[in-house]
Amino acid sequence: MGDGSSGGGGNRGLVASGNSNSNNNNNSNSNSNNSSSNNNKPQWLQQYDLIGKIGEGTYGLVFLARTKSPNNRGKSIAIKKFKQSKDGDGVSPTAIREIMLLREISHENVVKLVNVHINHVDMSLYLAFDYAEHDLYEIIRHHRDKVNQGINPYTVKSLLWQLLNGLNYLHSNWIIHRDLKPSNILVMGDGEEQGVVKIADFGLARIYQAPLKSLSENGVVVTIWYRAPELLLGAKHYTSAVDMWAVGCIFAELLTLKPLFQGAEVKAPPNPFQLDQLDKIFKVLGHPTLEKWPTLANLPHWQQDLQHIQGHKYDNHGLHGFVHLPLKSAAYDLLSKMLEYDPRKRITAAQALEHEYFRVEPLPGRNALVPPQGEKVVNYPTRPVDTTTDFEGTTSLQPSQPVSSGNTVSGSMQPAHGVTGRSVPRPLLGMPRMQPQGMAPYNLASQAGMGGGMNPGGIPMQRGVSAHQQQQFLQQLRRKDAGMGMGGYPPQQKPRRM
Amino acid sequence: MADFQTSTHRAKWIFTPQQLVDKYEAANQTAIQTLEKYGSTLMEVDADGSFSYPEPQVNANADKHSRPKPLSIEEEQFMRVFYENKLQEVCNNFHFPHKIQATALIYFKRFYLVWSVMQHHPKNIMLTCIYAACKIEENHVSAEELGKGISQDHQMILNYEMIIYQSLEFDLIVYAPYRSVEGFISVMEEFCGENDHLPVLQNLHEAAKMEVDKIMLTDAPLLFPPGQLALAALRSSNEVHRVVDFERYLMSILSRQNSTDSISKLVQSLNEIDSWVRSYKFPSEKDLKHINRKLKSCWGISSHDESKKREKKSKHKSKKSSNEAENMP
């Protein structure tokens, strides 16, 4: 308040439209290139070189592309394509919500939305972000599966500090993320911003003021491992404390390389009681008591106690044992304050940033990946890119049977360690360049209906092949695959969602 | 709520009176140029949310006398005023909260900074703004439900959704004065001190909300931040209810916020808001009839052939909706 009516600042020039003319452009029918066939790219797309697909999830697909514009040539951009929402429901509310929040915020530790594109062919939205090469999920996995060594303490502390810094910004702007987990915490690769954390995926984020519907009402499935106990017990109101619980879980995972509370998820009915998840938490943190957590008595699932969770008696907690931290250490003190049962007593992001842990050596830094002391730098693998999909990924192929075969040709190829990058322009034909172990999650993405959009054999396909032809081809391929018993990756620990 | 100070609302959507005039002028000009070029102004919006200019009419240049006359800026203004009232009516009928109504109104106002009512039928835009506001404020109503409630074709709502977001540049978080009113009322409680003021304050609060409803129908929301709109509403309600010494109250607020703004500057803004409310004009029946006739001819739906051609061209537009477009006031 008290704000004089400051004149409108310039348009941030963010929103680009598909092909529609702006209203001062008197071109006639702009429809012509709307109804273009697959090999006719929409105009907005021509400002990018598509490299390939880097992820997929419930909301849609994520692509890696490079800008062609002269001043920013070759800049990597992640393009998130939202699936069209249910028929008759208009533009995807998730997409709209993510856009409207990102339009209002700007912080070094929050992912930057650089453009919004509309694809009129299927009324889908494409969000263009600054590209981040790494994320905590991949970093943790790399250490667990390849390096066989913990993450450098400097790196852990820097990642955590920056995560908290971004979160503090969000919370002080009255935004709750609600879906923090390692795969949503991005880390910038080589370049000026190397090692800088970016919080991503605001599809579930909310402004406090808006009435909050439960996650399941929104028809969204999120990992339960990072869900706060008050939510598991049926709390109706989200507070910023739910994000801090998730940060605690992520902190522990950075230390131990495995999820702290790995509960088995109950899938049905909608919004089910997640007994196993609570059980996992109680086993580590001990039984919650009314003395420690007075409002516990009011939480619906605790009150009803249909599955007699009150009756379980869990031993005193041994969190420090799980995370291999001395009881007296600053790190343990901070972690236990993040994993405080009572959301009202749980440490806030602002308080956490002031915690002793960040004042003792090693001090956190901006480049989380490169310790200043010249210790050994871990070369994290670059994000695997599936170069066989087109931007129209999902639209050109009808979803069919979930793909169960893995990539049959990739076994012997080494993951590229960020040295050469992916400088090869636009691989259309020939072998897909990147086929490291990480190819599997995309092929195996078990999310219903998404698997069909992939090319199971990893066989490159020419653009411009009609959807129908491609579909037939894929089906043949699948049958062949199944018949020959080829491929097949071990199931992922966790379906990956972007 | 996210912070107004750093919002797109403050940075991009609060204008000076001159800027507003320029924008209305530019939108009007564009429509007039379209009319001259194509003989018609209405944009086609298809099911895929894309839009295009009208098809050039064969006889556009043949008969200069029968060429439709464009609306003046004042006539466009009247049209918007009419449909903004309709918008409030529809929201009231659905018992939507004030916040949704205000959000929809602000969307509607912003949309017509870019477009002329000659280019997009305000009835369609009004309904789609309501639909979008519901979506953004998490009070989701399906397009079908909304359409049914007012017996309109819901496909039309969906067709327009994307172009509205696009015209708003996806700046969808807007700040309505209702919450600010609440905040100021609670400050007033402290300011008054004694508890026996509570019922009086209650009345003042209700009166101020009605006052905000009025302000929201003017151009003031495009010119002043929501806090000032709220204070103007409170001040004029206070003139009737006489609860506080308003000048002293303003001083206490300014000192509270360590604001550098002088009280005289603030009072001047409040006066300007008041004058927007006072000078608000609703079109007469006669005006409306006249404008509608002009609009219809601009839209090229006066002749039978034209409307048939349109129907044929856009299969998503149901017969019902185009008939209604013809019958609309």
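The values are calculated or read from the model by the stated rules, or taken from the named source; none is laboratory data. Predicted model only: the values in this text are computed from it and were never measured. So basically every Cβ, Gly included, is an ideal-geometry build from the backbone, and we count neighbours across all protein chains shown. These accessible areas exclude ligands, DNA and RNA; they are computed on the full protein's heavy atoms, side chains included. Shrake-Rupley method; radii C 1.70, N 1.55, O 1.52, S 1.80 Å.
The listed residues are B:GLU169, B:GLU145, and the only one of them that is without any contact (Cβ under 8 Å) to a residue 24 or more places away in the chain and within 11 Å of another protein chain (Cβ to nearest Cβ) turns out to be B:GLU145. Working only within the range B:288-299, note down all residues that are over 20 Å from the mean Cα position of the chain (by Cα) and surrounded by 14 or more Cβ atoms within 10 Å (Cβ to Cβ). Answer for the range B:288-299, where residues must be over 20 Å from the mean Cα position of the chain (by Cα) and surrounded by 14 or more Cβ atoms within 10 Å (Cβ to Cβ): B:HIS290, B:LYS294, B:LYS296, B:SER297, B:CYS298, B:TRP299.
Inclusion of B:MET156 among residues that are more than 10 Å from chain A (Cβ to nearest Cβ), in contact (Cβ under 8 Å) with a residue 40 or more places away in the chain and not β-branched (Val, Ile, Thr) is warranted. Considering A:ASP315, A:ASP386, A:ASP390, A:ASP305, the condition of being out of contact with any Asp or Glu (no Cβ under 8 Å at 6 or more places or on another chain), modelled with pLDDT under 90, open to solvent by 90 Å² or more (accessible area, probe 1.4 Å) and not hydroxyl-bearing (Ser, Thr, Tyr) is satisfied by A:ASP315 alone.
Within the range A:176-185, the presence of a residue that is modelled with pLDDT of 90 or more, within 14 Å of chain B (Cβ to nearest Cβ) and open to solvent by 10 Å² or more (accessible area, probe 1.4 Å) is excluded.
I'd like to know if the range B:50-69 contains one or more residues that are modelled with pLDDT under 95 and within 22 Å of B:ASP22 (Cα to Cα). Looking through the range B:50-69, at least one residue is modelled with pLDDT under 95 and within 22 Å of B:ASP22 (Cα to Cα).
Restricting to the range A:69-87, name every residue that is away from chain B (no Cβ under 14 Å) and closer than 21 Å to B:ASN159 by Cα. Within the range A:69-87, A:LYS81, A:LYS83 qualify. Consider the range B:248-300 and keep the residues that are touching a residue at least 24 places away in the same chain (Cβ under 8 Å) and aliphatic (A, V, I, L, M). The one that is nearest to B:THR16 (Cα to Cα) is B:ILE273. Return yes or no: is A:ILE118 free of Cβ contacts under 8 Å to residues at least 40 places away in the same chain and not in a loop (DSSP other than H, G, I, E, B)? Taking the combined requirement at face value, the residue does not satisfy it.
With respect to (1) under 20 Å from B:ALA132 (Cβ atoms); (2) surrounded by fewer than 22 Cβ atoms within 10 Å (Cβ to Cβ), the lone exception for A:ALA95 is condition (2). Would you confirm whether or not the range B:86-108 contains a residue that is within 11 Å of chain A (Cβ to nearest Cβ), open to solvent by less than 10 Å² (accessible area, probe 1.4 Å) and not in a helix (DSSP H, G or I)? No: zero hits. If I filter the range B:96-111 for residues that are touching an Asp or Glu at 6+ places or on another chain (Cβ under 7 Å) and over 24 Å from B:PRO226 (Cα atoms), do I get at least one hit? No.
When B:PRO221 is tested against the conditions (1) more than 8 Å from chain A (Cβ to nearest Cβ); (2) over 30 Å from A:MET123 (Cβ atoms), the lone failure is (2).
Tallying residues that are part of a loop (DSSP other than H, G, I, E, B) and either open to solvent by 80 Å² or more (accessible area, probe 1.4 Å) or outside the structural domain of B:PHE184 (by TED's automatic domain parsing) (or both) within the range B:248-268 yields 3.
Only residues that are in a loop (DSSP other than H, G, I, E, B), more than 21 Å from the chain's Cα centre (by Cα) and within 20 Å of A:TYR314 (Cα to Cα): list them for the range A:243-290, please. Residues satisfying the conditions are A:PHE273, A:GLN274, A:GLY286, A:HIS287, A:PRO288, A:THR289, A:LEU290. Looking across the range B:269-287, just one residue is within 10 Å of chain A (Cβ to nearest Cβ) and either open to solvent by 40 Å² or more (accessible area, probe 1.4 Å) or of a type in the set (Val, Ile, Thr) (or both), and that is B:GLU272. The number of residues in the range B:209-247 that are aliphatic (A, V, I, L, M), open to solvent by less than 10 Å² (accessible area, probe 1.4 Å) and assigned to a helix (DSSP H, G or I) comes to 11.
Yes or no, residue by residue, for (1) charged (D, E, K, R); (2) within 14 Å of chain B (Cβ to nearest Cβ):
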{"position": "A:THR67", "(1), (2)": "no, no"}
{"position": "A:ASP89", "(1), (2)": "yes, yes"}
{"position": "A:HIS107", "(1), (2)": "no, yes"}
{"position": "A:LYS112", "(1), (2)": "yes, no"}
{"position": "A:ASN115", "(1), (2)": "no, yes"}
{"position": "A:ASP122", "(1), (2)": "yes, yes"}
{"position": "A:GLN149", "(1), (2)": "no, no"}
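Can you work out which of the residues in the range B:111-161 that are of a type in the set (Asp, Glu) and assigned to a helix (DSSP H, G or I) is least open to solvent (accessible area, probe 1.4 Å)? Of everything passing the filter in the range B:111-161, B:GLU161 is least open to solvent (accessible area, probe 1.4 Å). Residue-level check: of (1) without any contact (Cβ under 8 Å) to a residue 24 or more places away in the chain; (2) farther than 25 Å from A:PRO259 by Cβ; (3) open to solvent by 60 Å² or more (accessible area, probe 1.4 Å); (4) over 30 Å from the mean Cα position of the chain (by Cα), A:LEU327 misses just (2). Residues in the range B:20-33 that are at the interface with another protein chain (Cβ under 7 Å from one of its Cβ atoms) and open to solvent by less than 70 Å² (accessible area, probe 1.4 Å): B:THR30 alone.
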